[in-house]
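Structure, as C-alpha cells:
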Amino acid sequence: MIHSLRTFRRLLSIAAPFRWWMALSALLGFLTIGSSIGLMATAAWIIATAALHPPLGELQMAIVGVRFFGIGRGVFRYLERYVSHQTTFRLLARLRVWFYTALEPLAPARLMQYRSGDLLSRVVADIETLENFYLRVIAPPAIALAVGGVMWFFMAAFDRRLALVLAAFWLLAGLAVPVLTTWLSRRLGPGLIGLRAALNVALVDGIQGLADLAAYGDQARYQERVWELNRDLARQQTRMARIDALQNALGALLVSLAALAVLAAAIPLVHAGQIDGVLLAVLVLATISSFEAVLPLPQAFQHLSSNLEAARRLFEIVDAAPAVHDPAAPAPPPVRAAIAVRDLTFGYAPDDPPALDGISFTLPQGHTLALVGASGAGKSTLVNLLLRFWDYEHGQITLGGRDAREYDQHEVRRLISVVGQSTYLFNTTIRDNIALARPDADQDAIERAARQAQVHDFIASLPQGYDTYTGEHGLNLSGGERQRLAIARAILKDAPILILDEPTANLDAVTEREVWQAIQPAIAGRTTLIITHRLIGLEHADEILVLRQGRVVERGSHADLLAAQGAYFRLWTLQHQALELLAEAP
Amino acid sequence: MKPDKRLLGYVRPVRPALALAVILGGLAGLLLVLQALFLSRTISRVFLDGRALDEVLPLLVALLLIALGRAALLWGSDLAAHHVAVTVKTHLRERFFAHVAALGPIYTRGERSGELVNTAIEGIEELDAYFRHYLPQLFFAALIPLTVLIFVFPLDLISGIVLLLTAPLIPFFMALIGIMAGKESRKQWAALSRMSAHFLDVLQGLTTLKLFGRSREQAETIARISHQFRDRTMSVLRVAFLSALVLELIATISTAIIAVQIGLRLLYGRIEFEQALFVLILAPEFYLPLRLLGTRFHAATSGLAAAERIFAVLAIPLPTPRADPVSAPALPASPIRFEDVRYAYDGGERPALSGASFSILPGQTVALVGASGAGKSTILQLLLRFIEPDAGQITVGGVPLSAIAPDDWRAQIAWVPQLPYLFHATIADNIRLARPDASLEDVMRAAEQAHADEFIRAFPAGYDTPIGERGARLSGGQAQRIALARAFLKDAPLLLLDEPTSNLDPETEALLQDAMHSLMQNRTVLLIAHRLNTVAGADQILVLDGGRVVEHGTHQALVVRDGGVYRQLVMAYGS
C-alpha cells in the first residue's frame, strides 16, 4: 500500500510538467458533464414552470440556457478531447524520453537479464499503458470531484439532506462498487493472468515446436493440452465476467436508486412548502445526469492498478545502479593505443565463480593478441571490461599507460571498434547503419569502408543500393552480409583499437573464410584483440592466450603452442580433422 | 459497420444465448421507459396535485422494483453476451490452433511463429469486445429507440416526429465519419506502430549505439519523433473529433428542442405536464443506444483487424489426408526410393528439388552433401512428411509413401534437427517427447548414451530442471544432446540427422560426434553431413547440386573423380 503510494507519487512527478494541460482538460471535462446536467435541469425547470402557465417572458432566460447547454455540451466535449489527446501525446513523449534517459547509463550491464526481445516489448507496452495515465486514471476522479462539489452545493442550496442523500449514492457507486468488485476478483485476476501466460507458453511450444511434435507423433496429445488450457481460461473468464456484469448492473441500479431516494427525500419538503414544487423534477433529472461523472470511476480503479503495475516494472528496471561510474575529473584521452592487463579478477555476482581469474597480458600498440577458449571461458567478460561496460575491482587494466577507470567511459569506447558475433542492424537504410560509426561521413567515405569490407558490390546490386532498408522490417540479410556491414562500420569508425569478438561464430565454413578475408584490411596498423574458439587466422597473432574457466592455461605464438602439444594443440586437432583427412586423399 | 459474415458463422451455435442477451437487454430497455413513466407520474402528483409521501408510496415502491428488475436484467443480458463471446473465442482458438498445426512446420517456421501465437492469444481476445458489446448493441440500437417511440408517439406526436427525424442522422453521420476517418485513422495507427517500433529498435540496439558513442543523443531523437507524430496526429484528430461534436450536438440539441417545444405547448395547455416530463426524461435515453453503438464499434475495430488475420490463416487450404491409408512396411526390410522427386517452396516460387532420384537400402548410412540451398533439408522434410512432393514419388518397400498415414510412418523415424526445439517443461519431459510413457530409468539411459547425463546432473534439480524463460537456458551443444537423447529413447529403425555445424567449442563437438556415431549403429541413417570425416564413413554419399543428385558413391570413389563436384567440395573445404 505504501509502496503503491510511492509509485503513484513518482508517476505524478513524471506527469507534473503537464499539470496545466491536465487542469485545462479536467476543467473542460467538468464543463462537458456540467452542460448535460445543466441541460436536463433547465429543461425540467422549463417544463415544470410552464405547467403553471406563467407569461412566456418568465421562460425566456431558461430557453436561452437550454440552447446554451445543448450547444455547450458538444463544444466542450470537442475541446476536451482535443486537449486530453494533446496531454496524452505529450505524456507519452516524456515517458519515453524519461525511460530512455534513465536506461541509457545502465546498458548493457544492468540489462543482461532483459536481453530477450520479449521483455523489451513488455517495456514498450508498459509505457503505452502509462501513456493513458492521465486520461484513464487522473481525469475521471478529478472530473468527478469537481462535478460532485458543484452538485453538493446545488443540492445543499435547497436542503442539506438532499445533498447528503446524493453524496451517499455517489460514494456507493464511485467507491463502494469498485472496492467490492476488486475484493471479489482479488483471486481471479492473478489466476487469469497466470492462465493466459500458461496458454501463451503452450501455444509458443505448440507452434514453434511443431516440427519436433510432428516428428515424434505427439501432436494430438499436445493439442489436447492446449485445448484444456483454453477451456480453463474460458471458465476463469466467465467467473470474471460475473463480477464485471455485476459492476455494470450495480452502477445502473444506483443511478435509479439515487433518483428514487432524492425524490423520496424531496417530496416531504415540497409538501411542507420548504422547497418549490417546480424544483422536484429539476432535482431528480439533475441527479440522474450527474452520474455520468461517477460511472467511469470503477474503470479508473482498474486502470489505476494496471498503471501502477506497469510503473512498478519500469521503476524496477531504471532503479538499478549503473555498473560503471565516470571519474569526477577524467584524464585526457590516451595517446598510445596500448593495453595492459594485470592480475584481473572479476565475477558478475559475488556468489558466482569468477569469470576472470588473475589474467595478465600486455598488448603493445599495433600488435595482435588472441584469446582462445570454449564458451564460458571468460573471453567476452574481458571485452566487457575493456569497453568499460562493467567496473572491475581486483587487478588493473591500463590504456595508454593509465588505469582505464581514470578515463570517461565514452572516451574509452571512442578508441575501440568492435565486431561482435551478432550484429544489430537498425530499422533504417544500409547507409545509415554504416554511418552510425561516424554520422558526418559522406557517401565516399561510406563506400570506401564498404569496399574494404567487401560488401560494396553486394549493396550496389540491390535495387535501392545504399538506401535499402535493413533490420526487422526491411531486407533480410544473411549472417555473412551482416558481419561485413559490421566490419564496414568498424573501418569507418577508424579507431586505433580493434576487438574481434567471435565475428564468425554463426557462419558456415565458406562464409567464415570470406569474412576473415574482409577483416584483414581492418587489422592492419591497429592494435587488435581477437576473441575466438574457432582456431582460424591465428597464425599472424603476436601472442595467443588459451583461457579455461577464467584462467590462462597456455600462452605463446601459434607455432609455439602447436609444438607444445598442449590444450591449444588438442583444440586445433579436433577442428582440423577434416583437413587432415583431405591431406590423405590423393 | 456491417457485421462480418465469417464471424457471424461462429455465432450460430450460440444463437440462443445471443437471443437471450438481446431479449433481456430489450426488457431492461422497456423497464427504462416504465421508470420514466412512474417518475413523471410521481413528480406530477406531488408537484401539481399536492400529494404527500404516503400517497405516492405505491409509485415509489414500483420504482424500486423497476430499478431492481432492470439491474437484474442488465446483469443477465451481459452474462449471456459474455457467454456468446467466450464460446466463440474458445471455439475459434481451437480451430485456429488445429489449422495451424495441420498446416505443418514448414508453414509455421521462422518469424511467422511469433505472429501466429500473438494472433491466437491477443488477436482472438480482441474479439471479446465485438461479441460481448458490439453485437448485442446492434440490436439495442434498434430496439430501445423503437420502444421509446412506441410510447412517445401516442402521447405526443410532435416530439415523436422530432425523435424519429433526428435518429437516422446519428447512424448517417457515423457512417459518413467512418468512411472519412477510417482511412486516415488506419494511417495514423500505422504511424503509431512505426513510432513504437522505432522506440523498441533503439532499446534493442542500445549496446550498439553505446559502442559507437551515439546513445546519449537518442533521447533527443525519441523526443523529436514523438513530437512530430503528435503534431501530425493532432492535425488529423482535429477533424476527426468534429464527428464527435456533430453526434453530441444532434443528441443534445434535439433534447433542447424537445424541451423548448413541449415547454411552449405546456404553456398554452396543449399537453399535460406528466406527459411532457415523461418525454423529456426519455429523450436522452432515446439517443444513448445509438451513440453507444458508435463507441462500441470503435472498441470492436481492433477485433475486426484481428479477425482479418485469423481468417487469412484459416483460409489457407490444408492437404487432404488419404481416405484409406495402408500401413507402413517394416523399415528394416524395405528400401526407400526417391523417383524424380520435385518440390518448390512458397507455392512453386522457390524450387528446391528438381528431379531427385536415389535409393537408401536398409541398414545403410547415407550422407547428403552439397552447398546450402542444394536441397538437403528438403529431402529430410519430405521423408518426415512435413511436405509432399509436387511431382515424382517416394516409395518404401515398393509402397508409395503418400499412401501411408503420416503418424504411422513417423513412428519408425527418429529425427535430430540442427536446432531442436526445447519445450517449457522439465529436461526429463523434453527427452520423453520421443516416448511419453518412458520410465525415468529409460530417460536417464538415453541421456547417458547422448553424453547429456553429466550436464543434466550438474543442475541442482537434475532431470526435473525446468527449461525455458523461467528455467535453465541450455547452450546449443546441450540442446543438441537432448535431441540425441530423444533419438536414443525412441530407438527407431530410420534415423534422420542434421549434423551440428561447427559453431560449438571443440570439446562439445567431440562429445556430440561420439554420441552421434553410437546412435548411427544398426539403423538406416540419412544424414546431412557438414564434416568430411562423417562423410567418409558413410556407405553412400549423395552429392546434391541445384536440387538434383549429381554424384553418388563412396568417399574413396568420389574423391578421385577429376572435375567431380564432390572433389571440388572437398578441396574448397580444405583450402
Exception for A:D218 within (1) over 32 Å from the mean Cα position of the chain (by Cα); (2) at pLDDT 90 or above; (3) open to solvent by less than 20 Å² (accessible area, probe 1.4 Å) falls at (2)
Given the structure, is B:R194 out of contact with any Pro (no Cβ under 6 Å at 6 or more places or on another chain), modelled with pLDDT under 75 and either away from chain A (no Cβ under 13 Å) or crowded, with 20+ Cβ neighbours inside 10 Å (or both)? no
Pair list, Cβ < 8 Å and 6+ apart or interchain, from the range B:166-190 residues that are of a type in the set (S, T, Y) to residues that are in a helix (DSSP H, G or I) and modelled with pLDDT under 80: B:S185/B:V236; B:S185/B:A240
Is it the case that the range A:193-209 has a residue that's within 14 Å of chain B (Cβ to nearest Cβ), buried (at least 18 other Cβ atoms within 10 Å of the Cβ) and touching a residue at least 40 places away in the same chain (Cβ under 8 Å)? yes
Determine the pairs where a residue that is facing chain B (nearest Cβ under 7 Å), located within the range A:229-253, has a partner that is surrounded by fewer than 19 Cβ atoms within 10 Å (Cβ to Cβ) with Cβ atoms under 6 Å apart, the partner being 6 or more residues away or on another chain. A:N230/B:T90; A:A234/B:T90
Which listed residue, of A:A331, A:A370, is farther than 22 Å from A:P108 by Cα and surrounded by fewer than 18 Cβ atoms within 10 Å (Cβ to Cβ): A:A331
Name the helices (runs of 4 or more DSSP H) wholly within the range A:442-500 that hold at least 2 residues that are free of Cβ contacts under 8 Å to residues at least 60 places away in the same chain, more than 30 Å from A:L382 (Cα to Cα) and open to solvent by 10 Å² or more (accessible area, probe 1.4 Å)? A:443-452, A:456-461
Please go through the range B:295-349 and give me each residue that is open to solvent by 70 Å² or more (accessible area, probe 1.4 Å), in a loop (DSSP other than H, G, I, E, B) and closer than 30 Å to B:V117 by Cβ, ordered by number. B:A315, B:P317, B:L318, B:P319, B:T320, B:P321, B:E349
Considering only the range B:351-360, I want to know if a residue exists there that is under 40 Å from the mean Cα position of the chain (by Cα) and open to solvent by 60 Å² or more (accessible area, probe 1.4 Å). yes
Within the range A:410-422, the count of residues that are more than 12 Å from A:I487 (Cα to Cα) and at the interface with chain B (Cβ under 7 Å from one of its Cβ atoms) comes to 3
Selection count, the range B:71-97, where residues are open to solvent by 40 Å² or more (accessible area, probe 1.4 Å) and under 27 Å from B:A28 (Cα atoms): 5
Within the range A:390-402, identify whether any single residue is touching a strand residue (DSSP E or B) at 6+ places or on another chain (Cβ under 6 Å), crowded, with 18+ Cβ neighbours inside 10 Å, at pLDDT 90 or above and within 21 Å of A:E104 (Cβ to Cβ), and answer yes or no. no
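One line per residue, one yes/no per condition, for (1) within 13 Å of chain B (Cβ to nearest Cβ); (2) outside any helix (DSSP H, G or I); (3) among the polar types (S, T, N, Q); (4) more than 44 Å from the chain's Cα centre (by Cα):
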| residue | (1), (2), (3), (4) |
| --- | --- |
| A:L285 | yes, no, no, yes |
| A:H303 | no, no, no, no |
| A:E309 | no, no, no, no |
| A:A323 | yes, yes, no, no |
| A:P333 | yes, yes, no, no |
Looking at the range B:22-49, which of its residues are open to solvent by 40 Å² or more (accessible area, probe 1.4 Å) and facing chain A (nearest Cβ under 9 Å)? B:L48
Looking at the range B:525-565, which of the residues that are within 11 Å of another protein chain (Cβ to nearest Cβ) and in contact (Cβ under 8 Å) with a residue 40 or more places away in the chain is most open to solvent (accessible area, probe 1.4 Å)? B:G537
Within the range B:239-294, restricting attention to residues that are among the aromatic types (F, W, Y) and part of a helix (DSSP H, G or I), which residue is farthest from the other protein chains (Cβ to nearest Cβ)? B:F286
Selection from the range A:423-474 of residues that are within 10 Å of chain B (Cβ to nearest Cβ) and within 24 Å of A:A505 (Cα to Cα): A:T423, A:Y424, A:L425, A:F426, A:N427, A:N433, A:L436, A:A437, A:G471, A:E472
Residues of the range A:50-67 being in a helix (DSSP H, G or I), open to solvent by 20 Å² or more (accessible area, probe 1.4 Å) and within 9 Å of chain B (Cβ to nearest Cβ), which ones? A:R67
Which of the numbered conditions does A:A43 fail, given that it passes all the others? Conditions: (1) facing another protein chain (nearest Cβ under 9 Å); (2) open to solvent by 20 Å² or more (accessible area, probe 1.4 Å); (3) assigned to a helix (DSSP H, G or I). (2)
From the residues in the range B:424-454 that are assigned to a helix (DSSP H, G or I) and touching a Gly at 6+ places or on another chain (Cβ under 9 Å), which one is surrounded by the fewest Cβ atoms within 10 Å (Cβ to Cβ)? B:A428
In this structure, does A:T423 turn out to be over 30 Å from A:H533 (Cβ atoms) and under 25 Å from the mean Cα position of the chain (by Cα)? no
Pairs returned, first residue in the range B:13-38 that is closer than 12 Å to B:R70 by Cα, second residue that is among the aromatic types (F, W, Y), beta-carbon separation under 6 angstrom, 6 or more apart or interchain, are B:G25/B:F140; B:V33/B:F151
Output the residue which, of all residues in the range A:350-409 that are over 32 Å from the mean Cα position of the chain (by Cα) and among the hydroxyl-bearing types (S, T, Y), is nearest to A:R534 (Cα to Cα). A:T368
Evaluate the following for B:L18: is it closer than 29 Å to B:F173 by Cα, at pLDDT below 95, open to solvent by less than 30 Å² (accessible area, probe 1.4 Å) and in a helix (DSSP H, G or I)? no
Right, A:A156: open to solvent by 10 Å² or more (accessible area, probe 1.4 Å) and touching a helix residue (DSSP H, G or I) at 6+ places or on another chain (Cβ under 6 Å) or not? yes
Hey, B:D407 hits all of (1) among the charged types (D, E, K, R); (2) assigned to a strand (DSSP E or B); (3) within 13 Å of chain A (Cβ to nearest Cβ) but one; which does it fall short on? (2)
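The values are calculated or read from the model by the stated rules, or taken from the named source; none is laboratory data. Since we're looking at a predicted model, the values are computed, not measured. A quick note on method: Cβ atoms are made from the backbone with ideal geometry, for glycine too, and the neighbour counts reach across all protein chains shown. Heavy atoms of the whole protein, side chains included, go into the accessibility calculation; ligands, DNA and RNA do not. Shrake-Rupley method; radii C 1.70, N 1.55, O 1.52, S 1.80 Å.
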